[in-house]
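Bear in mind these aren't lab numbers, they're just calculated from the coordinates by the rules spelled out. Small disclaimer: the values here were computed from a predicted structure and weren't measured. With ideal geometry, Cβ positions are generated from the backbone for all residues, glycine too; neighbour counts draw on all protein chains shown.
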Amino acid sequence: HRLMSATPLYNEFPSFLKRYFPYKVQKISLNAGFTCPNRDGSKGYGGCTYCNNQTFNPDYCRTEKPIALQLEEGKRFFAHKYPEMKYLAYF
């Protein structure tokens, strides 16, 4: 049998962005209060073992805030690092 290539099948998100955009792109997490299909029972139950939204959501990403405000606060959060950066809304 022939061995398969050692090239990984997983496409890392930063690599994907670099391939399609000629500038720095930062995803801005937004919380619209959606459920997770792996938690709500539509695809699975209990969620992923590593998934706890409150541990990795930034402070600006709260359902009490309108989406537009979350987006603006997220842009301000990242703007100091790369002023020319573009943004991608990430739900």
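Things to note:
- Applying 1/(1 + (r/R0)^6) with r as the Cβ-Cβ distance of C36 and K81 and R0 = 30 angstrom yields a FRET efficiency of 0.55.
- Amide H contacts of A89: I28, each under 5 Å away and 5 or more positions distant or on a separate chain (H built 1.01 Å from N in the peptide plane; Pro and chain starts excluded).
- Difference of contour (0.36 nm per residue) and Cα-Cα distance, K65 to S29: 11.7 nm
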